[in-house]
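The next block holds one structure in the form of C-alpha cells; read it before the comments.
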Amino acid sequence: TNVSEPGPPSRPDDPPLLPGEKVQGVAREVTYLCPYSGPARGVLSVTNYKLHFRSMDRDTPYVVDVPLGVVSRIEKVGGQSSRGENSYGIEVFCKDMRNLRFAHKQENHSRRNVFEKLQQYAFPLSHKLPLFAFEYTEIFQDNGWTVHEPIAELKRMGVPNDMWKISKINENYEICDSYPTILAVPAQATDDDLRAVAAFRSRGRIPVLSWIHPESQATITRCSQPLVGVSGKRSREDERYIQLIMDANAQSHKMFIMDSCSSANAIANKAKGGGYESEDAYQNAELVFLDIHNIHVMRESLRKLKELCFPNIEESRWLSGVESTYWLKHIKCILAGAVRIVDKVENHKTSVLVHCSDGWDRTAQLTALAMLMLDPYYRTIKGFEVLIEKEWLSFGHKFQQRIGHGDDHHSDADRSPVFLQFIDCVYQITTQFPNAFEFNDHFLITILDHLYSCRFGTFLFNSDRERAAEGVKQKTVSLWSFINSHLDVYRNPLYWAPPTYQQVLVPIASVRHITLWKGHYCRWNPSMRPQDPIYQRTRELLVLKEQLERQVEECRREQQSRAARNMATPPRLASPIHS
Amino acid sequence: MAYFDLWPGRKINSGRTSSYEMNETKMSNSFKSYVGFEDHDSKSLNASAEESFTELNPRLLPGEVVIAEAQNVLLFAPVSEQKQGKSGNLSVTNFKLSFVTTEERTKEESGHQLNLLLGEYDVCLSNIDVVYQNMGEKKRRLFPGNNVSGKVKGLHILCKNMKVLSFSFKFSPVGHGKTLTNALLHHAFPRRHELIFAYDYREPYYNCQRDVCLFKALDDWERELLRTGCEGWRLSAINQGFQLSPSLPQWLVVPQAILDWQLGDAARYFRGYRPPVWCWGSQHGAALVRMADLLPTISDRVKENVMLENVRKSHPLRKQPLLLDLSKELPSPRDVMISYNKLRELCAPENLRQFWLQDNHFFSLLETSRWLNIVSSCLCKAIEAAEAIQREETVVLQEGDGRDMCCIIASLVQILLDPHWRSLCGFQTLIQKEWVALGHPFSTRLAHVFTSESEQSPEFLIFLDCIWQLIQQFPAAFEFSETYLTTLWDSAQISIFDTFLFDCERDRHIAST
C-alpha cells in the first residue's frame, strides 16, 4: 500500500533501491569474508543509503545489506605489497555488534573508489553531504509525526487539573533549549518562579511532569542536578518549587528525589558546580542514590559484549564471559532503579523526582521504564512510540551525540548506548511479562536498526529545538510512519489488552531473571538464531486471534438482538420512575 | 553452550515448585504406573481437603498414619529474611512431612497449581534430601540414624526437587521440636525398600493407562518393531523370569542372526549380563542398540566383537555400526551429582541475603556448576548418534552397566529423529521403554533407600533438562509444556508411583506379586 515516487531507471546490476536512493559506486570481483560461511565472491555497491553485496558464485546469492548509518569506522586492510589470499581490502566496523570484511584484487584498483564512497556516504556530515533521511522520499499512509501530540498526551493523564497546568513559557526555548515547548508544571508556579528555578538547575532543565497517577495523583517528575557547587548554594525558589510538586499530591507529605548516579559521583559533581539536593534544604524530601554508572562505563561494557558475541562465541567460558562484561549487571541496576520508582509511586502514593547530572540519559531511562511499568498505555505500539517521543526525544536525549549520526569521530567520548540499554530493559520486561505488551521483539529490533540507519528523521539531532530548526518534520519521514503502515509484523499474538491484564508490572531485577538478548546481540551468528519459524507462527496466531475475536463479537451481537426481540413491549417514553 | 539457558523452573526456588496437575490417586496391592493419569476423578480428595483444612490435621491418604506432631510451628517464606512466618502444625507421617495452617494463602501463592496428593506446604518424605538443625546464625547438618537429644530451635530442609523448607519451633510446646526431628530423621531415610510408603498405600487398583505402552508384554515390543519397520531383528524369550539379566525386560529384541544360547553365553561377559539389545530403528534399517561394557575381568574382546558382528549383519546393507563409548565421553553419575549439588546451592539459596550475594556472580557460579555443560554434552552426543542414524548407520551405545547415560542418549536420539515421541503419550511411552523397561536404577539414583555409600545422581533430571532445551529451540514441536517436565521430576520424588520407585523390572515385578 506504499505509494512511492518513481525513481530513476535502474540498471540490471543495481541493488534494490529506496525512493531517493542512488548508486554511488560499484566494485566487481570483491570477496566478502563471512566469518560463518566463508568467503563469497560478488559485487559490492555503495549507495547514498547503504552498502550492498551480492555474491555471484553461489546458487542462492548471499546478500549483505547494511545501512551506512550503522557504520562507525572504515579501515583499509593491507597495502599494494600484501600477499596472501584476501589480505587486501576494507574492514567496516558497525554500531550494531558486527564488523564486515571485504577483500579486493590489488590489480583492478576497485578499492580506492569504494573506500572513498563509503567514507563519504557513511559519514556525510563530515563531508558536507546531507543525511539520507533528507533525500528519502517514500510516502506512507500513516503520518508518524502526529503520533505524539503533547497536549493530547497530557490530557490523557488528566492534565491540566487543579494542581498541574500546561505552561508555554518555553515556547521559544528561552528557559531551556533542550526541553520541548510545552511543559506541565505545578499550577501554583508563576513564570518568574520557573525562571528562577531554571537558573538553579543545570542547563535550565527544571523539574517538569512526566507522569501522574490516575488515582492517587502521585507524580513522576524529571529535571537536572541543582547547581549546588562546593559552597552548597541554595535556591529558595527551587526549594519552594519542589514543595509545590510535593503538595500537588495530597496523599503523601513526603517526596523522593532519586539521583540516578552514585553518591560518590554526585559529590564529585559539586566540584563542577552541580551536586544534589541536601535534605536540610529540601524538607520532607528523601534523597536516594541509584548507583547507575555513567555513559563511559556503559560504552566500555558494550564494547566488551561485542567482543564476546562477534564473530565467534567461545563456548566453554560463555557464561562467565557474559558476566565479565557487566552488561547485564548494568541492565539489572537500571531496572532496579525503575522498580524503586514504581514502588514509591504505586504502593506508597508518593511522588518521585528523578535526575542524574543533566537529566537526559539515565533520567530518561528511569522515567520511561517506570512509566512503562505503571501505565499499560505505553505497552501498546502507539503508546510506546509516544513514550519514546516524549521521554526521549522531546526531553532532549542527545541522539546525535550519543549515536554520532553521519560523523566519522568513531572514538568520540560522547557516544554511548544509553537508548540501547533502555530498549534492552524493555526486552527484559517483555520476557517477564509475555502477555503485557502489544508489540513483539521484532518491533524493538526495528527501532534499534533505525536508531542508526538515518533513513528516518526520528532519531536525528539532539533536541526538539534543533529538529524544528532543521525542519525535520517537513523534510524527513518519521520511523513511526513506516512502522504504523505495517503493524501486523510487530504485533504480539499473546497480548492481553487491559483491563484483563494487570495494570502495574513489577519485574524482578535479579540477574537470575535477566537474560542476554541473544535475538539482538548475537543475531549475526547463524548458529545463535532460533530454529523455529517464529515469525510465521506469530502471524498465524494473529490471524487466528482475529478470527476468534470476530466470532465473539458476532455471538455477542446475536445475543443482544435476541434479547431485544424477547423483551416485552418497551415503554414508549423513558420515565424517571422506571429507570 | 551459548545457546543454552537455565531451565527457569529451577532458577530460583520459590518454594512453590510443586505445580502438579496430577489426578493419579489409585493404587493397587501392586503398584501404579505414573503415566496415564489424565482422566481420573479427583472429587473425593478435594472434598476431604476442605474438611480437614480447618482442623490443622494433615489430610491422610489411605494407609497413611501420623507418626509425630509439633504444634505452633512457624513456616518461613522461602528465600526470605526469615522474620515472619506462617503458624501451624507440623507432622511427620509415613508418607510426608506436612504443615497445616489456618492462615490464608497470599495472593501470590494462590496463583499456583496444587498437588492433589500433597497439601500446599507438604513434601513427600522421599523428596527430603538434607536436614539441618538451625542453631542461631549457624546450622548443623543432621544425619539419618542420629538422634537429637537437646532442644531443637528450628529445621532447614533441602529437598531433591530443590524445594526449601524452614521451620521454627520457638513457640512450640517443649519437646515437640525434638520429637518431630527424630521422627523425621528416622522415617525420611528408610534403610529397606519395603519401608517406602508405596507398600502401605491402600487404594483399589485403577487402570487408566490407555495408550501408553509399558513394554512389559511381547506385544509391546512386537508393535514397536513393526512401527519402526526395522527388519533383521527378532524377539527373544531368553530373559523370561529374568533368568538372563535382572535389569533387562523379559522380552528382548536381538539380532536375527544370533541364537538364544549364543546370547546367553555372551551375556556372561557383560556387566549386569547386558549384551547388545535393540531399542529403536529407523525406516531404512539403521538401529539404535544399547549394551554394557565387558566385565573388567575380561581382557579379550572376542565376545563383544561377535555380538557387534551380529549387529552388523542385522543392517540391511551390512554396514559397520558406529560404537559410542559413553562412559569415556560423558560425565559419570558421580560427576552429575557433584554438579547437581552446586546447582542446587545456586537455585535454592538459604535466605534473601544469600540470594543477592549469589546474584552478583550468578553466571559464573552457574558456569562453575558445569550443569549446562553436562546438558550440552548430552545433547551433542545425541546429535552425533542421530546424524549417524540419518546416514543409515546403526549406532551402538556402550556404557558401564548401560543404565544411565545410555537411557539419556537413547531417548534423546529418538526424540530428535522420531516425532512419535514428542506427543504426551509418546513421551511417556519412551520413558517407559528406555528408562523403566531397560532398567534405569531409579531407586538408587533418586536415593529412595538410604545407604551410607550413596550412588544418588539425578540422571533423569539431566534428561528432562535436555528436553527443556529442545522445547526452547523448537517451541512448536512438543505436545507438552515445561510444567509437565517439572511435574514429572517432582513426581519422581513421590513414593507412590511405581514408575520411579525401582531399580529394574525384576524388582518391580517381585514387589507387585
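The values are calculated or read from the model by the stated rules, or taken from the named source; none is laboratory data. Quantities reported herein were computed from a predicted structural model and do not represent experimental measurements. Positions of Cβ are backbone-derived with ideal geometry, glycine not excepted, and every protein chain shown enters the neighbour counts.
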Practice task
Please work out which one of (1) assigned to a loop (DSSP other than H, G, I, E, B); (2) within 14 Å of another protein chain (Cβ to nearest Cβ); (3) of a type in the set (A, V, I, L, M, F, W, C) is the condition A:Trp360 fails and give its number.
Solution key: (2)
Practice task
May I ask you to verify whether B:Asp325 is among the acidic types (Asp, Glu), more than 30 Å from A:Lys332 (Cα to Cα) and within 29 Å of the chain's Cα centre (by Cα)?
Solution key: yes
Completion exercise
Being buried (at least 23 other Cβ atoms within 10 Å of the Cβ) and in contact with a Pro (Cβ under 7 Å, 6 or more places away or on another chain) narrows A:Leu372, A:Leu335, A:Leu366 down to just A:Leu335
Completion exercise
When the range A:495-545 is checked residue by residue, the ones that are within 13 Å of chain B (Cβ to nearest Cβ), of a type in the set (S, T, N, Q) and without any contact (Cβ under 8 Å) to a residue 40 or more places away in the chain are A:Gln531, A:Gln536
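Could you check, for the range B:161-178, whether at least one of its residues is touching a residue at least 60 places away in the same chain (Cβ under 8 Å) and β-branched (Val, Ile, Thr)?
Taking every residue of the range B:161-178 in turn, at least one turns out to be touching a residue at least 60 places away in the same chain (Cβ under 8 Å) and β-branched (Val, Ile, Thr).
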Fill in the blank from the handout: Exception for A:Leu328 within (1) at pLDDT below 95; (2) buried (at least 21 other Cβ atoms within 10 Å of the Cβ); (3) within 14 Å of another protein chain (Cβ to nearest Cβ) falls at (1)
Fill in the blank from the handout: Only unsatisfied item for A:Glu307, checking (1) among the charged types (D, E, K, R); (2) over 18 Å from A:Met258 (Cα atoms); (3) at pLDDT 95 or above; (4) in a loop (DSSP other than H, G, I, E, B), is (4)
Exercise for the section: Please work out if A:Ala281 is part of a helix (DSSP H, G or I) and more than 14 Å from every other protein chain (Cβ to nearest Cβ). Expected result: no
Handout entry: Condition check for B:Ile467: under 14 Å from B:Arg422 (Cβ atoms), of a type outside the set (S, T, N, Q) and within 14 Å of chain A (Cβ to nearest Cβ)
Key = no
Exercise for the section: Determine, yes or no, whether A:Phe456 is in contact with a His (Cβ under 7 Å, 6 or more places away or on another chain), surrounded by 23 or more Cβ atoms within 10 Å (Cβ to Cβ) and either part of a helix (DSSP H, G or I) or in contact (Cβ under 8 Å) with a residue 24 or more places away in the chain (or both). Expected result: yes
Practice task
Tell me which residues, restricted to the range A:106-130, are crowded, with 16+ Cβ neighbours inside 10 Å, within 18 Å of A:Gly78 (Cα to Cα) and touching a strand residue (DSSP E or B) at 6+ places or on another chain (Cβ under 7 Å).
Solution key: A:Ser110, A:Arg111, A:Val114, A:Phe115, A:Leu118, A:Gln119
Handout entry: Filter result for B:Val65 (touching a strand residue (DSSP E or B) at 6+ places or on another chain (Cβ under 8 Å), at pLDDT 85 or above and exposed (fewer than 14 other Cβ atoms within 10 Å of the Cβ))
Key = yes
Completion exercise
Here, helices (runs of 4 or more DSSP H) confined to the range B:322-368 with at least 3 residues that are within 14 Å of another protein chain (Cβ to nearest Cβ) and of a type outside the set (Val, Ile, Thr) are B:333-347, B:352-359
Practice task
Take the residues in the range A:179-220 that are β-branched (Val, Ile, Thr) and in contact with a helix residue (DSSP H, G or I) (Cβ under 6 Å, 6 or more places away or on another chain), then tell me which one is nearest to A:Ala281 (Cα to Cα).
Solution key: A:Val197
Exercise for the section: For the range B:394-406, state whether one or more residues are at pLDDT 95 or above, within 14 Å of another protein chain (Cβ to nearest Cβ) and out of contact with any Cys (no Cβ under 6 Å at 6 or more places or on another chain). Expected result: no
Practice task
Enumerate the pairs (first residue in the range A:61-83 and of a type in the set (Phe, Trp, Tyr); second residue anywhere and surrounded by fewer than 16 Cβ atoms within 10 Å (Cβ to Cβ)) with beta-carbon separation below 8 Å, excluding pairs fewer than 6 apart on the same chain, so at least 6 apart or on different chains.
Solution key: A:Tyr62/A:Ser37
Handout entry: Failed criterion for A:Arg299 (all others in (1) closer than 30 Å to A:Val92 by Cβ; (2) within 14 Å of chain B (Cβ to nearest Cβ); (3) surrounded by fewer than 20 Cβ atoms within 10 Å (Cβ to Cβ) hold)
Key = (2)
Practice task
Taking the residues in the range B:430-445 that are buried (at least 24 other Cβ atoms within 10 Å of the Cβ) and not in a helix (DSSP H, G or I) as candidates, determine which candidate is nearest to the chain's Cα centre (by Cα).
Solution key: B:His440
Practice task
For the range A:371-391, state whether one or more residues are touching a strand residue (DSSP E or B) at 6+ places or on another chain (Cβ under 8 Å), closer than 22 Å to A:Ile242 by Cβ and either of a type in the set (A, V, I, L, M) or part of a strand (DSSP E or B) (or both).
Solution key: yes
Practice task
Please indicate, with yes or no, whether at least one residue in the range A:308-320 is on the phi > 0 side of the Ramachandran plot and either free of Cβ contacts under 8 Å to residues at least 12 places away in the same chain or within 13 Å of chain B (Cβ to nearest Cβ) (or both).
Solution key: no
Completion exercise
Checking A:Ser411, A:Ser351, A:Ser394, A:Ser357 in turn, the sole residue that is in contact (Cβ under 8 Å) with a residue 40 or more places away in the chain, polar (S, T, N, Q) and surrounded by fewer than 23 Cβ atoms within 10 Å (Cβ to Cβ) turns out to be A:Ser394
Handout entry: Residue tally, condition in contact with a helix residue (DSSP H, G or I) (Cβ under 9 Å, 6 or more places away or on another chain) and farther than 13 Å from A:Phe53 by Cβ, over the range A:100-124
Key = 7
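Quick one: which strands (runs of 3 or more DSSP E) lie wholly within the range B:137-246 and hold at least 1 residues that are at pLDDT 95 or above and within 26 Å of B:Val79 (Cβ to Cβ)?
Counting at least 1 such residues, we get B:138-142, B:154-159, B:164-168.
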